[in-house]
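Only one structure is covered here, and it is reproduced in the block below.
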Amino acid sequence: KAPPHRPGLAKMSSAEPGRFFCTAGRGLEPFLAREVRARLGATEVDCVSGKVFFRAAAGPGELRKLRSGERLFLLLKKHSPLPVSGNKGKMLHEIKSLVIEEPKYWLDIISVWRKLCGHEGKTDDVSQENTLALKRKSEEETSTASKRQKTEQVRAIMSEECQVEAEEMCVAPERMSGQECWIESKTSSEFPSKGSGENPTVNEKLSFSFRVSCRCSGAIAKILTSQEIGRAIGIALVKQCGWRADLRDPDIEIFVHLNDIHSVVGIPIFRLPLANREYIKTAGLRSTVAWAMASLAEISAGALVLDPMCGLGTILLEAAKEWPEACYWGADISDSQLEGADGNIRTAGLTDKIELLKASVKALPLPSESFDSVISDIPFGKKFKITNDAQLLPDILQEMERVLRVGGTIVLLLSQDLRKCVDGLTKCAGSDSPEATADGDSKADPAKARSVDGSSSCLAHGGGESFLRSRHFGSLVPDGVYAVSLGKTDAFIYKCRKVSAAGNW
Amino acid sequence: KLGHPSELPPEPVPNYEGDEEFLRRLHHVLLEVEVLEGALQCPDSGRRFPISRGVPNMLLSEEEP
């Protein structure tokens, strides 16, 4: 609950430890937890649904490299869920006391945040002038007695200088809104010369803008809406710090998330989500899921990796960026997809690492046992009827298994139905159901993650599919299944390993 | 057959590992030349697989995309 460390004269490379949280798509939390430990040396890693909290000493360059997260935030507050009462006013008061602090606290936060976001915001001059203005403002706060009023616009147009100039200004329009307060002071004879008329640039510099983004769910959402909470916090912040509310392009965003698990306040560090990769021109599969799949494939130096249904090449791009000391091959039957993949590869500067072929996954023009890893997003959904999927799958798996060397890995992205098929095809290898149960420990390695549906056996694809049962892939042993969200749909990352040459079991 | 002035002999000469000049040319052809338009030919069947915009088409028959 203490404010973050005061930044000293530390250089970027030796960053101060900070507390962060990063949102993640459902199912990717264990991957993100593992990544922050491995990449940032993070400690105090705590996974909850949709978020990973952690502590790390990392600069913006390192933080930006996170690959399995969505948005990264500087953590301000993390408390247990707010007590819910039927009384709106009481609830809003609770929420405000969670978020609102002394102006000095906010100045510290902003300094830390500026260092982290790599000066994406405005220059440092602003913070110094804000320091003076906020100091004087806080002295006056004790003497003012302005009543908070509901306003249509949260935009309070009072400038810092106006507040400094006239103590009585805030007292006079006691029953007026912030907007009206501005009008009142503007017409007063005391300080029109120092108003927005004469020194517009000075006023702009001093007005620090913000926006409150509020998400609430669970018990709290039944009493209050996100908008009501956001507005209340916004008004309180304007009053406390004299900031300007800007819903479109604020200097800083305050993120508040209230649900049945916790109450969290944070500031996003980067404007764009981490999932937006500057090296990907045309996005296919979500980059976070693609990276997570590649992270399971155990790609080592000198490995040969194949995606035989590569589409726009997202999986190959993520893998080649993270594990550049391997060779990547992609195949697809569609000209337009290959063209897109080629464009992506050139944009990313990976032409010497990724080779493309126009070829069918059912008849790969590649030698047997030549690849260390096969990673693929098997198309499913509207384009493919369920029956077609089931019929194609054994042929697809057969070719993947053929080109894979013994000990190699296959990592697939499957729909629920396809996953049942694959389970049926690989079950005969002798090992149990691929889903290991979770340790019950939120810090569990992804290999032990429990899938969302919790079922332990998936041989539920009905009887009578004799052509399925006749094709066994005894050499492929399942090694982990992970349920992930793709936004509108859910899918499964399915990993298996080739333990022997086909026919040798 | 690259149509490229690489001056490679039809077969590796004996002790090619020590032949610096040969190795340099081989490296160039293998790793620095990208075929944008052309064809790959199967040494057994003689079948040609066209290369278009750097991507060889290895499909054996017309596939539905």
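State all residues of segment B:24-53 that are within 12 Å of chain A (Cβ to nearest Cβ) and surrounded by 13 or more Cβ atoms within 10 Å (Cβ to Cβ); if no residue qualifies, say none.
Matches in segment B:24-53: B:V35, B:L40, B:F49, B:P50, B:I51, B:S52.
Does any residue in segment B:27-51 that is farther than 26 Å from B:E17 by Cβ come within less than 9 Å, Cβ to Cβ, of a residue that is of a type in the set (F, W, Y) six or more places away or on a different chain, and which pairs are these?
Correct list of pairs: B:A39/B:F49; B:L40/B:F49; B:Q41/B:F49; B:C42/B:F49.
Looking at A:E339, A:E298, A:E278, A:E318, which is the one that is acidic (D, E), assigned by the TED database to the domain that holds A:L356 and outside any helix (DSSP H, G or I)?
A:E298
Of the residues A:P103, A:P81, which is at pLDDT below 95, touching a Cys at 6+ places or on another chain (Cβ under 6 Å) and surrounded by 14 or more Cβ atoms within 10 Å (Cβ to Cβ)?
A:P103
Here's a check for you: in segment A:220-254, which residue that is under 23 Å from the mean Cα position of the chain (by Cα) and among the acidic types (D, E) is surrounded by the most Cβ atoms within 10 Å (Cβ to Cβ)?
Step by step, filter segment A:220-254, then rank; the result is A:D251.
Hey, among the residues in segment A:194-218 that are among the aliphatic types (A, V, I, L, M) and modelled with pLDDT under 90, which one's farthest from A:H93 (Cα to Cα)?
The residue in question is A:V202.
The values are calculated or read from the model by the stated rules, or taken from the named source; none is laboratory data. Note that the structure is a prediction, hence the values are computed from the model and not measured. So basically every Cβ, Gly included, is an ideal-geometry build from the backbone, and we count neighbours across all protein chains shown.
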